[in-house]
Amino acid sequence: ALEVVIGYVPGIDATDDLIDSMRRAYPALRIVRMPFSEDHARAKGFMINESRRIAAGDWIVLLDADIILPPDFFARMETVGDDAHFVAPDGRKMLTPDDTARVLLGQVRPWECFEKLAAGAGEYRFREANRVPIGFCQCVRREILKKIPYQELDHFEASDWWFGHSVIKEYGPETRLEGVVVLHLDHGGSQWYGAFKHM
């Protein structure tokens, strides 16, 4: 019912170690590695387009590594109608550095206190980017991603927006999971994969 395809560049962070740990902890979960060379580290569009080719599901959830989904996210996805083609949450809650640190250190288990984190400190961004669902969490039917590939731009947020805009232009408005918010971990001052320092 669920597979995880991870597009990444081996050796520039701890992704391989994390995948190994996840496979040990959740042996029934299908995890597919999609490694890329280092010269593709910023080529989000290319990585998505290539990873799409090995995805097996009817729906593809494009998800950044710093996003935490609510525990009922996939149950909510199952409630969308057959006419839905592009699905997105209502917005994202930007977690504070302190809350992010507690999550990463295992002091806070977000699936147990998701609502508290979503209601806590930090900025809430409701249907941002001119209300076009952007790449921190975009859910699209597989055949649409095949027809409308991600553009390979130098600026990954521009790729996100153009993809969302193109899907809406071709297929009509997205379906929103009303009231659903995702959590966005803070990475100010870090060298997280795909991130630059902003402090």
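The values are calculated or read from the model by the stated rules, or taken from the named source; none is laboratory data. What you see is a predicted model, and the numbers here were worked out from it, not measured in a lab. Glycine also receives a Cβ, built like all others from the backbone with ideal geometry; neighbour counts cover every protein chain displayed. Each accessible area value is taken on the protein alone, full model and side chains, heavy atoms only, with ligands, DNA and RNA left out. Shrake-Rupley method; radii C 1.70, N 1.55, O 1.52, S 1.80 Å.
Given a Förster distance of 45 angstrom, what is the FRET efficiency for ALA158 paired with ASP72, based on the Cβ-Cβ distance and rounded to 0.05?
Given R0 = 45 Å and the Cβ-Cβ separation, E is 0.90.
How far is it, in nm, from the label point at GLU143 to the one at ASP16 when both lie 7 Å from their Cα along the line to the Cβ?
Spacing of the two 7 Å Cα→Cβ label points: 3.9 nm.
Quick one: compute the contact order of the stretch 1-116, relative version, from alpha carbon pairs under 8 angstrom and 6+ residues apart, as a percent.
25
Would the stretch 1-42 count as rounded, prolate or oblate if I go by the C-alpha gyration tensor, calling it rounded below 1.5 in a/c and otherwise prolate when a/b exceeds b/c, oblate otherwise?
Oblate.
For the cross-link pairs LYS93/LYS116; LYS44/LYS146; LYS44/LYS93, which exceed 18 Å when the distance is taken from alpha carbon to alpha carbon? Mind showing how you got there, number by number?
Working: LYS93/LYS116 11 Å; LYS44/LYS146 16 Å; LYS44/LYS93 23 Å.
Too far apart for the 18 Å limit: LYS44/LYS93.
Quick one: compute the contact order of the chain, relative version, from alpha carbon pairs under 8 angstrom and 6+ residues apart, as a percent.
31
Let a ≥ b ≥ c be the square roots of the eigenvalues of the Cα gyration tensor of the chain; is it rounded (a/c under 1.5), or, if not, prolate (a/b larger than b/c) or oblate?
rounded
When only DSSP loop residues count, what trypsin sites (Lys or Arg not before Pro) in the stretch 22-103 have their Cβ near at most 12 other Cβ atoms within 10 Å?
Taking the stretch 22-103 and a limit of 12 other Cβ atoms within 10 Å, the loop trypsin sites (Lys or Arg not before Pro) found are ARG53.
Identify, among HIS165, LEU62, VAL108, the residue whose Cα sits farthest towards the positive end of the charge dipole of the stretch 25-172, taking +1 on the Cβ of Lys and Arg and -1 on the Cβ of Asp and Glu, with the dipole about the Cα centre.
Towards the positive end, the residue furthest out is LEU62.
Return one whole number: the accessible area per residue of the chain in Å², for a 1.4 Å probe.
Value for the chain: 58 Å² per residue.
To the nearest 20 Debye, how big is the dipole of the stretch 1-113 about its Cα centre, given +1 on the beta carbon of each Lys and Arg and -1 on that of each Asp and Glu? Could you put the intermediate results ahead of the total?
Working: 13 positive and 19 negative charges, 29 e Å.
It works out to roughly 140 debye.
Which value in nm describes the separation of the simple spin-label points at CYS113 and TYR26, placed 7 Å from the Cα toward the beta carbon?
2.2
Starting from the stretch 9-111, pick out the GluC sites (Glu not before Pro) whose DSSP state is loop and whose Cβ has at most 11 other Cβ atoms within 10 Å.
Answer in residue order: GLU78.
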